[in-house]
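The values are calculated or read from the model by the stated rules, or taken from the named source; none is laboratory data. Just so it is clear, the model here is predicted, and its values are computed rather than measured. Every residue, glycine among them, receives a Cβ derived from its backbone with ideal geometry; neighbour counts consider all protein chains shown.
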Amino acid sequence: YAIRLFFPGVYTPGGRLTFDFSNSNFVAMWLFVSALLLIYTFVTMKTRRSRFYVAVLLGFLCYFIYKTEARNIWIALGIAAFFILYKVFEKKYPYNKVSIVAMMLYPMLFALGYIFLFEAGILESNREMIEYGEKANDSRIEIWKYALAYFEAHPIIGGYSIIEGGRGSFQLHNTHLDTLASYGIINYLLFAYYHIKICLQANSKCTTLLTSFALAGFIGLIASGAAEASLYANGMGLYIFVASFLMMSNFRDNEEGV
């Protein structure tokens, strides 16, 4: 990543770091995965010198994430780091089931809560920051309200082809709202149930720091869908990373396979 900074095309005209990819939020998700791996490396290193080197690398990745201006990734990274550090200090396995369910529903809870804060006047728009090249704090509100309005009009089966206008490459910047509006309430409930089920199953098998770390990474990746739907709308490579974290969380010592 650091070497790539010396080549042209790594920033958008607005100053967001993309490493020449089309979407800074998508790039931030890749950086997020790399940061998670470094966090695990840091906590498992035995010497201070090794930890220092890893901390420097992690600092670079955090700086790159900062330059992408992907705020949802900071939240997701904080959530994953909290789960990892909790295991490092408490050494209790597995995680609390209620926290698992809450994290699997976090993208939906975040979107609804954020809309409520603006509708209630608790938060106010800072659109004047756009003039300075910054993102407005309500940049997702309108599209989320559009998603909810469309769901209210088509609650059973949704209407992906209508929402995305036939282009096949549209997203509503929230994985849960995207699923709800595009495919209706039945599919969304199955979607949410599946996430909760596979995460609880993996959680029941967490008996080591490695498996707990992998599950924390998976939880963090799901949480990153609170303000960006790239997790389900882009890139097979990212899907593989998500699947890898889930597979690692199910890994059992002294057993063949995962």
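Observations on the model:
- Exclusive hit being of a type in the set (D, E, K, R), modelled with pLDDT under 85, surrounded by fewer than 17 Cβ atoms within 10 Å (Cβ to Cβ) and more than 21 Å from Ile219 (Cα to Cα), set Arg16, Arg48, Arg4: Arg4
- When Leu172 is tested against (1) closer than 30 Å to Ser249 by Cα; (2) at pLDDT below 85; (3) not in a loop (DSSP other than H, G, I, E, B), just one condition goes unmet, and that condition is (3).
- In segment 26-42 there is no residue that is within 24 Å of Ser212 (Cα to Cα), assigned to a loop (DSSP other than H, G, I, E, B) and at pLDDT below 90.
- Segment 18-67: number of residues that are touching a residue at least 40 places away in the same chain (Cβ under 8 Å) and basic (Lys, Arg): 1
- Segment 182-214, subset of a type in the set (A, V, I, L, M) and closer than 17 Å to Phe42 by Cα, residue nearest to the chain's Cα centre (by Cα): Ala214
- Just one residue in the set Tyr95, Tyr86 is in contact with a helix residue (DSSP H, G or I) (Cβ under 9 Å, 6 or more places away or on another chain) and not in a helix (DSSP H, G or I); that residue is Tyr95.
- Test: residue in segment 177-189 that is at pLDDT 80 or above, in contact with a Lys or Arg (Cβ under 9 Å, 6 or more places away or on another chain), of a type in the set (A, V, I, L, M) and more than 16 Å from Leu109 (Cβ to Cβ): no
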